[in-house]
Each structure stands twice: as C-alpha cells, then as structure tokens.
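K.L.:
Quick one: the structure is below, questions incoming.
The values are calculated or read from the model by the stated rules, or taken from the named source; none is laboratory data. Keep in mind it's a predicted model, so treat the numbers as computed, not measured. For neighbour counting, all protein chains shown are included, and Cβ atoms are generated from backbone atoms with ideal geometry for every residue, glycine included. Quick note on the areas: whole protein, heavy atoms, side chains included, nothing else; ligands and nucleic acids left out. Shrake-Rupley method; radii C 1.70, N 1.55, O 1.52, S 1.80 Å.
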Amino acid sequence: MPARRADPRRRTALAAIALIGAAAAFVVLTARWKLESGYETAEIVLDGPDWHALAVAEGLDPDALLTEARDRGATSVAVYERTLRRMAGTGEVAYVSSGELSGLARTGAVPATFAPLLAAGLRPGVVYVAAGPEMLGFLEEAFSGLLGAGRVRRVGGVLEVAGLREDIEEAGLGFLPQDLAVYRALGLRPVLRLRNYAGLTEEGLRHLLGRLARLGRGFTVLFELNEVLGFERLIDETAAGLKTAGVRYARIEAFSERRKQHGEDRLTAQMRPDVIRLFSLTPEELQVLPVTEAGEKFIRAARERNIRLLYVRPLAPSAGLVGSRMNLEFVGSLADGLRRFGLRTGQAGPLPVLTVPSLATLLTAAGAVAVVVLGLAVVVEAIGGSVPMRWWWAVFAGGAAVTVAAFAVGGFTLWRKLLALGVAATVPAMTVAALMPRQASGTPRPAWQGLRVLWESSAVAVLAGVVVAALLSEWEFMLAADGFAGVKLAHVVPVLLVLLLLWRKDRPAQTWRQTLREAWAWSEHPLLLRYAIAAIVVGVAAVVLLARSGNFGFPLLGIEERLRTLAEQWLVVRPRTKEYLIGHPALMLAAAAAVMGWRAWVLPLAAVGVIGQAGIINSFSHLHTPLLYTLWRTVNALAVGSLLGLAGIWILGAVTARAGPRALHPGPASGIGRHPRTRRAR
C-alpha cells in the first residue's frame, strides 16, 4: 500500500511556531548586541621580567622603557610571584641544600653565611636560606604558611626549609608591597602572576589568599605554567577566596589542548562573572612571526573574539632594528589598531552576564523543537515512512515539556546544546532540497537560479543561526568556557541528509522497504576507477574538513593563511574559506546544473554546497565572536561566493557551448529533474 503523504498545510502550525521562536531569538540577540557594544575597553599588559630584561640587554633604564611603553598605549604590567630562584638572581637571598653544603664542606668552599651550620650538624632533605633580617622574616612567614610551620625553622641565623630543592626554589611566595608600588608609580596597573604548588594544602591556600587580600582589591590574576591555583582538589576553595579578595581571573585563550591550563574550565565556572579573556603569543611564536602578522593576531583577538587582555612579550630583534624601539612601536601600533576598530585602552573589566526575559528564551527553545520535529518528519517521509501528523505533534509536545522541565530543574544548558545541534543538522539540508530547482522548460537562466538558491538558502540559514546563537547566548559560551556540542556532526549530517532528500525529491518512495531495496541494488553496481578515485578524494577532503572543524584541528596551509590575510585586508572582516571558496560557489553550480539538465552533477555539487550553509550556522554558534562580526563575515562570504559562483557558471556554460551538452554528462542521471523510470514489459 502506498505511504500516506502528509499534507504540507498541516505542518504550517509547526512552521509558525518555528518563526515565533526565531522572533524570540531576535529579542535575545538584541540584548546580547547591546551588551557587546558596551564592552569596549582592552588592556595591553606587558610581561614585567621580559621587558626588564630587554632594557638591561640594551643598557637602558627599565623604568624609562616602561614609561615610554605606557605613553605608547600600554596600560599594565605582569608581576610575578617571588621565588627563591628569582630572588637569588637579584642578590636578595642565597640558598643551598644540605647535600650541596656537605659537598662544599669537603672542598673547603663553604660560604661564611652557612659555615655555622656545619658545627650544629646538617639535616638531610632541607634547604638553607640566607637573607637580611626583614627579608628572612618575609620568607619565614611565606614558607610557614605555604608548607606548614613544622617544615620551617631558624637555625644559626638562616632559614631551614624541609623539602626538595627543586620544589622549594620554585614555590610561589607571594608579593611585597614594594613589588607593586614601583609600577604604580610609573602609571601602570600590576597584573599578578601566581603559580600553583603541587603539595598545596587547604591551610596553605588560605594563607596564600590572605596575603593576596592584604595587597588590596581589584587586581587581575593570571596563573603561571600549566595549572591554575588549587588544581585539582582545591579549585572551588581557590575561586571562593579570589572572589572574596575582589580579584578577577584572566583566562588564557588556548588553540590546543596542550596549551590549556589544567583546571581552567572549572575555575572559570566558579569565578563567574569575574573572568576576562586573555590572548598572548608564546616566545616560540614570536621568534618566527613577522611583526605585522603578530600585531594582526592581537587586534583580531580583541575585535573578533571579545578578548580584552592583550599580553605582550617583547618581539625578537630583527637585523638593523633596535629591540626596544621596535617593541615600543609595536605597542603603539596595537593601541592604534584597537582605536581604529572602536575599542579603547584602559583597565579591562569582566564580560557582564547576559540577562534576557525567560519567556524569550523558552519561546526560542520551543521554536527549535518545532524545527527539529519538522526535520524528522521530512526525513521519515523521504525514506518512505508514514507517520500521522498527530504523532509529530505528540513529539513536539514532549520536546516542549522537556524544555520547561530542563529550565525549571537546572539542566537547560545541556538541552540547549542538543536543540542547537538539531537545528544546525537539519535546516541546511531541508532548505537546499526544498529550493533546488527542476529542469527549466524555457530559458533556464542558470546564473539567476544559482543566485536565488544561494541567497534564499542563506537567508534561512541565517535565521537558523540566529536561533542557535540565542539558544547558546549564555555567559559560559560567550567566555568560551563552554561550547557548541557536535560541531563535526553539524557538518556531516547535512551532507548525508541533502543527498537523501534530493535523491528522493522526484522519486518518492512508497515504503521504507522500497528505499532499502533501491539502496541495496545501487550498492551492487560495479565501481569504476574514476568513481573510486573520486571517492578517495572526497574522503580525504571530508577528513580534513572534520579535522579543521571545532576549536582544535589541522594547522593552516600556507596558501590558506595568505588568502585569509588578503581577505581581511580587502574586506576588513575575513569570510570563512569553506563558505566563500567552496560551499557557496558549489551550491550555485548545483542550481545551475539542475535547470540546465546536467542532472548527474546536482547531487555531488549540492552535497558540497550544503557545507557553506552549515558553515553559516556554525559561525553563529561561535558565541565569543561579537554578533556584528558574525553578520559581517556572513555577508562578505555571500558576496565573494556569489562572484565565484557566477564565474564558475560562466565557465561551465562556455565549455558546454564549445564541447556540446553531453560534455557534462559523465553518467546516468541522479534523480533531480527527471521522472521515475517505469519498467518495460519483456
């Protein structure tokens, strides 16, 4: 029995709910746009020790160099915690382990400061520290609080600290008031760099945070090395202590798992909203990057990713250039670049928490549920399934109930992610399949049809992107502490769905068994070499696409990096490569192929073209990117992609005119623009 086809008019109500959800999403994004528009102050932070070393290397006064950097636009300087190693480098302390002291005794080279210890007898497994009376008092308090009073004592006028030398000499000991006063006198704000201690106890953490609180309020804290303070057992206590001390946490943007600091996601969630995103380049990156490119990375981070702390280490000197002059000019160029894009330098603040009406959020989620239900209905019908419309309404009612329950009990974030993934996975394929034209009987006008399909599909993709962005418009997503789930699925599923929907567009299945039989019959066809090669090429391209999606993946190719730079120079906001260079031209070519009767090309071109539509929605899922830049990037990609698509259609038209229509018919028709075949009587 033929499958019953759902009357499209019976889905109008679901489509109306989806449009209501999109309207509510605009309410959410309007509030977000206002928040982002007021978040305009960026802070240029100099690495204190490195800039000090730069000045000393050139025989300059470090204070004078920092003062000039301030005049060029620098606002802050990073101050590191005192450690024995750093203090020994400045001559403030001297230290030696008991084992080293025993060796010196055998050679008769014991420093006079430590000589009395030999008569009293050396304890194994300790470090002896010598300093002036005031500094020794500071060290005794710091080590006692960090390690416990039982591991610290005074012996013969020096401090004895029990533990391995490697641990003791690198332990963070906090700050003295004069460490910060020197930079404040220069008009620079201190940014405090703390480091975690592997054996940190809860008592030691309380002592450390108490010393930090005595320095004053309003500091920004940045952690050293690869761990946040308190990792991993004391992160909650660390966050509570930092908030009590009125401290803000600088979260370092990381482009690889290796660079992420352990515990940063959990600390970010606990520190809400007192978190500021920070961008820096490592010394290794600064060694190889041209000065102009390094500056572009800093400016791009501020304008496109809501990063408000720019952490500047000195650039490596180039031939014929004095390091200090070059770095001062670099700081000035950063400040000028920020102002050029509507930002200003000063003390950066945390990104405020976005507040939107609960009704708008719930309506947006309901609209997303309606979109997902419509997508499921279209797919089930395409494979020949027959589900009464009342059952789809039941599915919608269940999704709406889950939405309300998740909102009430606190599991809404996970549900938002799932709904956003559902919208991103279904809308591109449904839209492209619905808008793909059939073969034209008169003048086909392929260029016009290509533009129509691209821009109409993209308009729907933007609406879907608006819904996704509204679903994910939470503080954690905007700070990149949480992210869109299923990025790779959102790229793969639309490709598979558009192949299915276009295959069945003019060849509707009567039952799902018919779909299985035809798919099985198709799999029995012999595989020609040219198709095998094409499959391998497509497979490799798919792997690269998936690896490049998400936050971490393959590095950029050199030619792609140059294309990005050129696009940014010409268009201000760089469009995404997979949209303007791949997806959008391919979608236009698919529409042109459909109206020109090049049926064998429609499915593969549409499968590539839907990648651009998925990319549009994916752009809106980048919540750390301001809405203005997402829209600008989308329009730029459409404009450039349209031009490339028109050029491709013209080239194919010229080839057809010269070589004949069959030049573009490599094989049997693929379903678009043809009618179902009928069996011949034998």
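K.L.:
By how many degrees, between 0 and 90 and to the nearest 10, does the Cα long axis of helix 291-304 differ from the longest principal axis of the chain?
P.N.:
For 291-304 against the chain, the angle is about 70 degrees.
K.L.:
Protein chains only, probe 1.4 Å: how do S256, S642 rank by accessible area, largest first? Mind showing how you got there, number by number?
P.N.:
Details: S256 35, S642 10 Å².
Ranking S256, S642 by accessible area, largest first, yields S256, S642.
K.L.:
Continuing with the same structure: On each of the three principal axes of the Cα atoms of the range 28-164, give max minus min coordinate, whole Å, ordered largest first.
P.N.:
Extents along the principal axes, in whole Å: 74, 44, 24.
K.L.:
Also: Tell me which label goes with the value of semi-axes √(5λ) of the Cα gyration tensor in Å computed from the coordinates here: [x] 61, 28, 24; [y] 48, 31, 25; [z] 46, 24, 23.
P.N.:
Matching the structure shown: [x].
K.L.:
Mind checking the full-extension length gain between A15 and L225? Use 0.36 nm per residue of separation minus the Cα-Cα distance, one decimal, nm. Don't jump to the answer; show the numbers that get you there.
P.N.:
Values: separation 210, 0.36 × 210 = 75.60 nm, distance 5.18 nm.
Taking 0.36 nm per residue and subtracting the Cα distance, the gain is 70.4 nm.
K.L.:
How much accessible surface area, in Å² rounded to 10, belongs to the heavy atoms of D482 with a 1.4 Å probe?
P.N.:
Spelled out: D482, probe radius 1.4 Å, area about 50 Å².
K.L.:
If you don't mind, another one. Going by accessible area, probe 1.4 Å, with all protein chains left in place, what is the ranking of T413, T634, largest first? Walk me through the numbers on the way to the answer.
P.N.:
Details: T413 45, T634 5 Å².
Largest accessible area first, the residues go T413, T634.
K.L.:
Another question, if that's okay. Just going by the charge dipole of the chain, with Lys and Arg at +1 and Asp and Glu at -1 on Cβ, which of T83, G99, L229 is farthest out on the positive end?
P.N.:
L229
K.L.:
Using the Karplus curve 6.51 cos²θ - 1.76 cosθ + 1.60 with θ = phi - 60°, what ³J(HN,Hα) values do you get for each residue of the range 238-250, in whole Hz, with x for Gly and Pro?
P.N.:
These are the phi-based 3J(HN,Hα) values: 4, 4, 4, x, 5, 5, 5, 7, x, 9, 10, 9, 8 Hz.
K.L.:
State in Å² the accessible area per residue of the chain; use a 1.4 Å probe, count heavy atoms of protein chains only, and round to the nearest integer. Show your work: numbers first, answer last.
P.N.:
Numbers: 31520 Å² over 682 residues.
On a per-residue basis, the chain sits at 46 Å².
K.L.:
On to the next question. First compute the accessible area of the range 321-392 with a 1.4 Å probe, then give the percent of it belonging to carbon and sulfur atoms. Walk me through the intermediate numbers first.
P.N.:
Numbers: 1890 of 2970 Å².
Reported share for carbon and sulfur atoms: 64 percent.
K.L.:
Relative contact order for the range 391-494 using alpha-carbon pairs under 8 Å, separation at least 6, rounded to a whole percent?
P.N.:
Numbers: 57 pairs, mean separation 43.6, N = 104.
Result for the range 391-494 is 42 percent.
K.L.:
Can you list the lysines whose alpha carbon sits under 26 Å from that of K243, skipping same-chain ones fewer than 8 residues off?
P.N.:
K260
K.L.:
Additional query: Just from its helices, what would the mean residue ellipticity at 222 nm be for the chain, if runs of 4 or more DSSP H residues each count -39500 (n - 2.57) and the sum is divided by every residue, rounded to the nearest 500 deg cm²/dmol? Numbers along the way, then the final one.
P.N.:
Numbers: 27 runs with 393 residues, N = 682.
Dividing the helical sum by the residues of the chain leaves -18500 deg cm²/dmol.
K.L.:
In addition: Got a number for the accessible area of H622? Probe 1.4 Å, square angstrom, nearest 10.
P.N.:
Result for H622: roughly 60 Å² accessible.
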